[in-house]
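Encoded as structure tokens, the structure appears first; notes follow it.
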Amino acid sequence: MRLEMRGLWKTFDLSGRAGRAGRSGHSGADPDYDYSRGHDQKTYVLRDINFDDDIKTLALIGRSGCGKSTLLRILGGLIPASGGTAVVDGHRAVDHENYRKKIGFVFQQGGLFSHLSAWENITLPLIKVHGFAGERARARAHELLERFGLIQEADKKPSQLSGGQKQRIAIARAVAPKPGMLLLDEPTSALDPEYTTEVLNMIRELKKENLSFIIATHEMGFALHACEKVAFLCEGRIMEYGASKEVFAKPATAALAEFLSKLLEWKV
Ligand SMILES: Nc1ncnc2c1ncn2[C@@H]1O[C@H](COP(=O)(O)OP(=O)(O)OP(=O)(O)O)[C@@H](O)[C@H]1O
Ligand SMILES: [Mg+2]
């Protein structure tokens, strides 16, 4: 899956609204412009992101607040960029339903519909959003629930599922329409270690389906062993990018070396 980003940037103004393009309305980053002046006070969350590569499995790592979720949300068509472009597999990322349908998205905490069973959480979006006939939707849901050992949970509502089961249902729902790309925003951060392993195993298993994914994660073991590439974000920029094994073995910047050493501090 080809991912191209050119001069991508994002600001939020202090009221939390998405920033608009710079003073001239151009689409590239404008690092010389002082967005913090006057009432139009803004902060850069992403700055001049440029990227062009074929990716299968990419981990986004970096300290809290560096812009991982914001970047995933732009790629998923959930929020607009303030400038620049992002193109996923030939489709320009825009916050529009037709684009969003091509991308699967899994949030930190599943986002399942609480009044629907696990089964309905998978089948209804297939029918209502993706235009599947009922029988085809049910067959696809059955296939996924069985494959991922969730068939026993099919009739349960989210409140009756464990955290790990909820996330696995959310992932099954996201991959059910066979999206071109799956985006996962810290899918395990709310889980204890055992459930984390369950969910990460499931994501690793998805690689066999030739599904490309980008995952924002603080699980460095997963980024290293299950993702071919890793991008280290720092203050809204991609500071390092490359094959996971190389980037982890030889951080090129002091920022990444420091980030990794802090994570190791409390490891047993
Ligand atoms: N809607 C918003 N309005 C204003 N600022 C925002 C908004 N969303 C995010 N931000 C800011 O943008 C920056 C990047 O946030 P983001 O959620 O992308 O970080 P992150 O790398 O995903 O962090 P974490 O690892 O904690 O999830 C943060 O400083 C955050 O406060
Ligand atoms: Mg985040």
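Just so it is clear, none of the values below were taken in a lab; they were calculated from the coordinates. These figures come from a predicted structure and were not determined experimentally. All Cβ positions, glycine included, derive from the backbone under ideal geometry; neighbour counts span all protein chains shown.
Looking only at the range 78-101, residues that are more than 16 Å from ligand 1 (Cβ to nearest atom) and in contact with a helix residue (DSSP H, G or I) (Cβ under 8 Å, 6 or more places away or on another chain) come to 3 in all. Residues considered: 104, 111, 131, 149. Of these, the only one that is more than 16 Å from ligand 1 (Cβ to nearest atom) and either within 17 Å of residue 182 (Cα to Cα) or in contact (Cβ under 8 Å) with a residue 24 or more places away in the chain (or both) is 104. Go through (1) closer than 25 Å to residue 202 by Cβ; (2) hydrophobic (A, V, I, L, M, F, W, C); (3) away from ligand 1 (no atom under 15 Å from the Cβ) one by one and return the number of the condition residue 61 breaks. Against the list (1) closer than 25 Å to residue 202 by Cβ; (2) hydrophobic (A, V, I, L, M, F, W, C); (3) away from ligand 1 (no atom under 15 Å from the Cβ), residue 61 comes up short only on (3).
Can you confirm whether the range 115-125 contains a residue that is away from ligand 1 (no atom under 16 Å from the Cβ), among the aliphatic types (A, V, I, L, M), part of a loop (DSSP other than H, G, I, E, B) and within 23 Å of residue 212 (Cα to Cα)?
no
How about the range 163-189: which of its residues are away from ligand 2 (no atom under 16 Å from the Cβ) and part of a strand (DSSP E or B)? Listed by number, the residues that qualify are 181, 182.
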